[in-house]
Amino acid sequence: MTKIPNGYEVIQLFEQYSPKSLAVEGDKIGLQIGTLNKKIEHVMVTLDVVESVVDEAIAKKVDLLIAHHPPIFRPIKNMTTDTAYGKMIEKCIKHDIAVYAAHTNLDVANGGVNDLLAEALQLKEVEVFIPTYEDQLKKLVVFIPSSYEKELRNALGKAGAGHIGEYSHCSFATEGEGSFLPLDKANPFIGERGKVEYVDESRVETIFPASIQKKVIQAMLKAHPYEEVAYDIYPLEQKGPIMGLGRIGFVENELTLEEFAVYVKNSLGVERVRMVGDPSSKVKKVALLGGDGNKYIHQAKIKGADVYVTGDLYFHVAQDALMLNLNVIDPGHHVEKVMIEGVAKKLGELCEEHHFDVNVFGSRVDTNPFKFV
């Protein structure tokens, strides 16, 4: 049985993938135009919100736009509809199109912009480039009839609990006897009202990052047969997953800088790239950061990168990179377009998993302002 979700339900799924807590302080994220208090049948994912994208959304009867670049980033002094910017917002409001922005939280998220770029470049042994967030680890302890134990453990693992290093679905269970007395208004799964019941139960333990606690609890409650579930959550001292901006990894085969520049151009589907450094120098270790990564050239050098891939490279930063003996490839800011199909696919899978009858797709409008002659 499928259902047409409302906007809050769709965004709740999206934020399981790209939670707001991952965004850098002060970033302009979240709902920026319209309302989520409505039914959502068509969701379009876009890199930018410009008038041509809004026109596409109108033509495709879109209810919700999910964008990477926030359309409202700087303070608005006025909202006149005879400007291109005002006209774009007016069209969204008139056609009841909600606009939601996921910026640096989508840069940081696992499977987000930078992971998609690293995947496009087929980097190996990928790690976080600039750490910005460390998730707290917690432990869940829940009691369940022993016959439902494996089903529960699988549900918790599928929700992301029990992930330790290169292993998933890690959990532990011990056997015991539970007891309870159903009161007058209870509707017990096992036993009768007014009679103490003794049941063979399992105590199941697993760990999870705090950022997915809501998802884990929902999965536990859904898999549990009891009307009232007994469970505990404990904070842990162990360090949780480190997340952050950019990625750093290795190309499979060593290339010259010139060969790598061509590889980046082809892999990211851009017409041109800018290159800083000796074309014959060797490239094996690669740092990358989608968007504007000018301020991180020193970190790229400190971490031993042979080349740094980022957009919007400034003239004097390029000179600084030369003095650092750091190669740089600039494929432009627009390569973040990889998020369009990546996010549409991920959100579509989540909606399908939750039986939401919603069409999620990517924008086909090219929002790159630059042309090459």
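Do you know which residues across the range 300-325 are open to solvent by less than 50 Å² (accessible area, probe 1.4 Å) and of a type in the set (Val, Ile, Thr)?
Val307, Val309, Thr310, Val317
Among (1) on the phi > 0 side of the Ramachandran plot; (2) in contact (Cβ under 8 Å) with a residue 60 or more places away in the chain, there is one condition Gly162 misses while meeting the rest; what is its number?
Tallying (1) on the phi > 0 side of the Ramachandran plot; (2) in contact (Cβ under 8 Å) with a residue 60 or more places away in the chain, Gly162 fails exactly one: (2).
Restricting the search to the range 165-179, which residues are exposed (fewer than 14 other Cβ atoms within 10 Å of the Cβ) and touching a residue at least 12 places away in the same chain (Cβ under 8 Å)? Even if it seems obvious, please write down each step before you answer.
Of the range 165-179, the ones exposed (fewer than 14 other Cβ atoms within 10 Å of the Cβ) are 165-168, 172, 174-177, 179.
The answer is Phe172, Thr174, Glu175, Gly176, Glu177, Ser179.
Could you please find all residues in the range 296-311 being within 19 Å of His334 (Cα to Cα) and out of contact with any helix residue (DSSP H, G or I) (no Cβ under 8 Å at 6 or more places or on another chain)? Spell out how you get there, then give the answer.
Quick first cut of the range 296-311, residues within 19 Å of His334 (Cα to Cα) only: 296, 308-311.
Once the filter is applied, which keeps residues that are within 19 Å of His334 (Cα to Cα) and out of contact with any helix residue (DSSP H, G or I) (no Cβ under 8 Å at 6 or more places or on another chain), the range 296-311 yields only Tyr296.
Kindly establish whether Ala101 is open to solvent by 30 Å² or more (accessible area, probe 1.4 Å) and of a type in the set (Gly, Ala, Ser).
Numbers: open to solvent by 30 Å² or more (accessible area, probe 1.4 Å): no; of a type in the set (Gly, Ala, Ser): yes.
No.
Hey, which of the strands (runs of 3 or more DSSP E) in the range 62-177, taking only ones fully inside, have at least 2 residues that are under 25 Å from Glu353 (Cβ atoms) and β-branched (Val, Ile, Thr)? Talk me through it step by step, then tell me what you get.
Details: elements: 64-67, 98-101, 124-145.
In the range 62-177, 124-145 are the strands (runs of 3 or more DSSP E) which contain 2 or more residues that are under 25 Å from Glu353 (Cβ atoms) and β-branched (Val, Ile, Thr).
Conditions tested, residue by residue: (1) assigned to a loop (DSSP other than H, G, I, E, B); (2) within 30 Å of Leu117 (Cβ to Cβ); (3) β-branched (Val, Ile, Thr).
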{"site": "Lys195", "(1), (2), (3)": "yes, no, no"}
{"site": "Val199", "(1), (2), (3)": "no, no, yes"}
{"site": "Lys222", "(1), (2), (3)": "no, no, no"}
{"site": "Gly249", "(1), (2), (3)": "no, yes, no"}
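What do you reckon, is Lys239 at pLDDT below 95, over 20 Å from Lys303 (Cβ atoms) and either of a type in the set (Ser, Thr, Tyr) or open to solvent by 100 Å² or more (accessible area, probe 1.4 Å) (or both)?
Numbers: at pLDDT below 95: yes; over 20 Å from Lys303 (Cβ atoms): no; either of a type in the set (Ser, Thr, Tyr) or open to solvent by 100 Å² or more (accessible area, probe 1.4 Å) (or both): yes.
No, not satisfied.
Within the range 149-160, take every residue that is modelled with pLDDT of 95 or more and crowded, with 16+ Cβ neighbours inside 10 Å and give me the one that is nearest to Ile217 (Cα to Cα).
Narrowing the range 149-160 to residues modelled with pLDDT of 95 or more: 149-157.
Next, only the ones that are crowded, with 16+ Cβ neighbours inside 10 Å stay: 149, 152-153, 155-157.
Values: Glu149: 15, Leu152: 11, Arg153: 12, Ala155: 10, Leu156: 8, Gly157: 12 Å.
Step by step, filter the range 149-160, then rank; the result is Leu156.
So which residues in the range 346-373 are in contact (Cβ under 8 Å) with a residue 12 or more places away in the chain and within 18 Å of Ala120 (Cβ to Cβ), if there are any at all?
Passing the criteria: Lys346, Gly362, Asn368.
Residues of the range 169-213 being within 16 Å of Tyr226 (Cα to Cα) and within 35 Å of the chain's Cα centre (by Cα), which ones?
Ser202, Arg203, Val204
Tell me, please, whether a residue that is under 30 Å from Ile297 (Cα atoms) and open to solvent by less than 30 Å² (accessible area, probe 1.4 Å) can be found in the range 344-354. Quick ask: steps written out before the conclusion?
Looking only at the range 344-354, we keep the residues that are under 30 Å from Ile297 (Cα atoms), and these are none.
Checked the range 344-354: no residue is under 30 Å from Ile297 (Cα atoms) and open to solvent by less than 30 Å² (accessible area, probe 1.4 Å).
Can you tell me which residue is farthest from Val49 (Cα to Cα) among those in the range 1-30 that are open to solvent by 10 Å² or more (accessible area, probe 1.4 Å) and of a type in the set (Ser, Thr, Tyr)?
Step by step, filter the range 1-30, then rank; the result is Thr2.
From the list Ile297, Ile340, exactly one residue is modelled with pLDDT of 95 or more, within 26 Å of Asp366 (Cβ to Cβ), touching a strand residue (DSSP E or B) at 6+ places or on another chain (Cβ under 9 Å) and of a type in the set (A, V, I, L, M). Which is it?
Details: Ile297 fails: within 26 Å of Asp366 (Cβ to Cβ).
Going through Ile297, Ile340 in turn, just one is modelled with pLDDT of 95 or more, within 26 Å of Asp366 (Cβ to Cβ), touching a strand residue (DSSP E or B) at 6+ places or on another chain (Cβ under 9 Å) and of a type in the set (A, V, I, L, M): Ile340.
Identify, from the list Lys60, Lys91, the residue that is touching a helix residue (DSSP H, G or I) at 6+ places or on another chain (Cβ under 8 Å), on the phi < 0 side of the Ramachandran plot, open to solvent by 20 Å² or more (accessible area, probe 1.4 Å) and of a type in the set (Lys, Arg). Step through it out loud before you land on a result.
On the way: Lys60 fails: touching a helix residue (DSSP H, G or I) at 6+ places or on another chain (Cβ under 8 Å).
Being touching a helix residue (DSSP H, G or I) at 6+ places or on another chain (Cβ under 8 Å), on the phi < 0 side of the Ramachandran plot, open to solvent by 20 Å² or more (accessible area, probe 1.4 Å) and of a type in the set (Lys, Arg) holds for just one of Lys60, Lys91, which is Lys91.
I want to confirm something. Restricting to the range 247-282 and keeping residues that are within 29 Å of Asp366 (Cβ to Cβ) and in contact with a Ser or Thr (Cβ under 8 Å, 6 or more places away or on another chain), which single residue is surrounded by the fewest Cβ atoms within 10 Å (Cβ to Cβ)?
It comes out as Glu258.
The values are calculated or read from the model by the stated rules, or taken from the named source; none is laboratory data. Remember, predicted model here, so these are calculated numbers, not experimental data. Backbone-built Cβ (ideal geometry, glycine too); neighbour counts: all protein chains shown. The accessibility values were calculated without ligands, DNA or RNA, using every heavy atom of the protein model including side chains. Shrake-Rupley method; radii C 1.70, N 1.55, O 1.52, S 1.80 Å.
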